1. Mind checking which residues of region 46-87 are polar (S, T, N, Q) and either within 15 Å of V98 (Cα to Cα) or free of Cβ contacts under 8 Å to residues at least 40 places away in the same chain (or both)?
2. Could you check region 164-217 and list, in sequence order, the residues that are open to solvent by 80 Å² or more (accessible area, probe 1.4 Å), hydroxyl-bearing (S, T, Y) and modelled with pLDDT of 55 or more?
3. Which residues, taken from region 45-64, are in a strand (DSSP E or B) and not hydrophobic (A, V, I, L, M, F, W, C)?
4. Any chance region 152-159 includes a residue that's part of a loop (DSSP other than H, G, I, E, B) and modelled with pLDDT of 60 or more?
5. Looking at G55 and the list (1) surrounded by fewer than 17 Cβ atoms within 10 Å (Cβ to Cβ); (2) in contact with a strand residue (DSSP E or B) (Cβ under 9 Å, 6 or more places away or on another chain); (3) not charged (D, E, K, R), which single condition is not satisfied?
6. Give the number of residues within region 36-52 that are more than 50 Å from the chain's Cα centre (by Cα) and open to solvent by less than 30 Å² (accessible area, probe 1.4 Å).
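The values are calculated or read from the model by the stated rules, or taken from the named source; none is laboratory data. None of these values were measured; they are calculated from a predicted model. Glycine gets a Cβ as well: all are built from the backbone with ideal geometry, and neighbour counts include every protein chain shown. Heads up: the accessible areas ignore ligands, DNA and RNA and are worked out on the full protein's heavy atoms, side chains in. Shrake-Rupley method; radii C 1.70, N 1.55, O 1.52, S 1.80 Å.
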Amino acid sequence: MTIPRRSWRGAGAFAAAAVVGLAGGVITAGPAAAHTPTWAVTCSEVTLNLTAYSGDATNEVTVSVVGGEELLAPTKFGRDFSTKTPLQLPKHDKELTVRLVVKAGDDDKYSVDQTKTAPVCEGETPETPSPTPTEVTPSEAPSTEPPASEAPEPSATPSETATEAAPAPAEPSSSAPDLAETGSSSATPVIGGAALAVLLAGGGILWSVRKRRGAQH
């Protein structure tokens, strides 16, 4: 049986079209499957899985909390990278924004800069900073020797105190009028004693005269 040439030609054209279509599908699907960053964020951790990157280039990945600390410092990797242990988020009482930055070494169009929100875990309470203990300076050790008793300072004598406390008597004013003399005076006993002496002397004289006269008669 002889197959016509037209049939062979048609079969060859169909096979060529199928090969081209299959190759085109592979080429088209290739970029879609390459450079695949997959990551997830929960209330307490971050997981990361980067696949299908170029093994001939040096790639870099960084994960951080926006406005906070770095969860993964800039790390170089080749074709694949994944977190064997989830990255732990700090305790928080409000939502956190987590940022993923991947720099592709083969072409910048494959680089990634994405953010995701980490919610607050149930029952999470804000951390209350413990008060910093103040350093207490120990006082000096008490001396075992009894303190030497100090002699009390002598107080001022009563006379000096009384003299200083008592007000000085007011001096009589020279312009004040003399007070009127009353019936008694401090000189009255002296005057009375002098008068008595005079009387006694006079009596003695009188007695002596009379005695002389009687002797003459």
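1. Passing the criteria: T47, N49, T51, T62, S64, T75, S82, T83, T85.
2. Result: S186, single match.
3. E45, T47, N49, T51, N59, E60, T62, S64
4. yes
5. (2)
6. 1
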